[in-house]
Amino acid sequence: MRRLIAAAVVASGMMLSSASAADLPVKAQPVPVYDWTGFYAGVNVGYGWGDRDLSFAPNDDATRLLSVFDGIPPPASFKTSGALGGLQFGYNRQLGTGWLVGLEADFNWSGIKGSGISSGVMPPVPIPGPYSAPLDERIDWFGTVRARLGYLPTSTLLTYVTGGLAYGQVTRSGSYINDSTVRFTFTGPDNSGFTCASGTTCFSGVSRDATAGWTVGGGFEYALGERMTLKAEYLYVSLAGKKITETALAVFFPGDTPASISANVGRATFNTARVGLNYRF
């Protein structure tokens with residue numbers, strides 16, 4: 001009997017010990033902190049859009065005479081838009097758990113383009129008739145080299161602002177068309193001149209230049225895993241613009257200097273919204 005009582009006491013003690021052990025808190029394992037420091041490279045796709053103001057000015061005595069008869073096109077405006085995509089690479093340096101600095105460069109193929117037209121009608125005396133002046137602009141490609149300053153609300157989510165150098169190639173073409181049924185001719189004291197037959201292009205010009213400028217923007221980047229990150233970004237890009245000299249295609253007297261008109265749309269500015277995927281090395 002005494003042996004049975006002793007065995008029962010031992011069993012009860014073991015059960016109490018097991019229950020007490022089960023009630024002890026389990027020590028939590030440390031959560032790994034994502035480290036953004038290092039080089040990365042990736043791809044991006046997006047969309048760009050912008051607005052343009054178009055204006056014209058005479059360049060010589062012949063076209064200044066044309067302006068007396070309201071023959072210089074009035075100001076106009078138009079929009080540009082299109083898809084874009086490219087590559088980026090960069091380096092991040094994480095500062096503690098909350099901040100990050102970095103440098104990023106990208107190169108993008110662009111389909112951003114647009115067309116505008118200005119038109120007018122010269123008075124019936126001495127030369128009646130309407131005219132039009134279309135202009136086309138295309139961003140052929142562009143790139144940026146930017147600093148980034150980021151804040152980490154969590155270890156896997158980066159918010160950042162960015163800014164720096166922008167560069168790209170802008171192609172612009174313009175013309176002046178006589179839409180009337182009358183040919184008109186102007187010559188100036190400076191030996192400038194032109195003749196403009198009915199229904200023909202009287203002036204024409206093209207500029208294609210690689211120019212530099214600046215860019216600012218911001219975005220978000222999220223770590224999908226140890227190596228991959230997904231980003232969404234907005235950039236405002238401003239490239240130096242160049243006016244187009246539209247030169248007369250025909251002159252009235254042999255030896256006359258071809259007259260010309262300047263078409264100006266200012267800087268090539270546009271907005272971009274894009275998403276990208278990066279791989280961290």
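Using the Cβ-Cβ distance between Thr269 and Gln169 with R0 set to 25 Å, the FRET efficiency from 1/(1 + (r/R0)^6) comes to roughly 0.95. Compared with the direct C-alpha span, the chain from Leu95 to Ala250 gains 49.2 nm at full extension, assuming 0.36 nm per residue. Take the Cα of Asp190, step 7 Å toward its Cβ, do the same at Thr159, and the gap between the two points is 5.6 nm. Only the Cβ atoms of Lys and Arg (+1) and of Asp and Glu (-1) were treated as charged; on that basis the dipole of the chain about its Cα centre amounts to roughly 1480 debye.
The Cβ shell under 10 Å around Ala248 holds other residues with a net charge of -3, Lys and Arg each +1, Asp and Glu each -1.
Given a 10 angstrom Cα cut-off, can you work out which residue in Arg52, Arg183, Arg138 is the most mobile in a GNM of the chain? Comparing Arg52, Arg183, Arg138 in the GNM, the peak value goes to Arg183.
Taking all protein chains into account, the per residue accessible area for the chain stands at 51 Å² (1.4 Å probe).
With all distinct Cα pairs included, what does the Kirkwood hydrodynamic radius of the chain come out to in Å, to one decimal, could you say? Don't skip to the end; give the middle numbers.
Values: mean 1/r = 0.0424 Å⁻¹.
Kirkwood radius, the chain: 23.6 Å.
With each label modelled as a point 7 angstrom along the Cα→C-beta vector, the Ser238-Leu277 pair spans 3.5 nm. Given the options Arg172, Arg227, Arg93, state which has the largest fluctuation in a GNM of the chain using a 10 Å cut-off (strictly under) for Cα springs. Among Arg172, Arg227, Arg93, the largest GNM mean-square fluctuation belongs to Arg227. For the options Gly255, Gly213, Gly116, a Gaussian network treatment of the chain with springs between C-alpha atoms closer than 10 Å singles out Gly255 as fluctuating the most. Of the GluC sites (Glu not before Pro) found in segment 213-273, those in coil by DSSP whose Cβ has at most 15 other Cβ atoms within 10 Å are Glu226. Shown for the chain: the carbon plus sulfur share of the solvent-accessible area, taken with all protein chains present and a 1.4 angstrom probe, equals 66%.
The values are calculated or read from the model by the stated rules, or taken from the named source; none is laboratory data. None of these values were measured; they are calculated from a predicted model. Every residue, glycine among them, receives a Cβ derived from its backbone with ideal geometry; neighbour counts consider all protein chains shown. Surface areas here come from the heavy atoms of the whole protein model, side chains and all, with no ligands, DNA or RNA. Shrake-Rupley method; radii C 1.70, N 1.55, O 1.52, S 1.80 Å.
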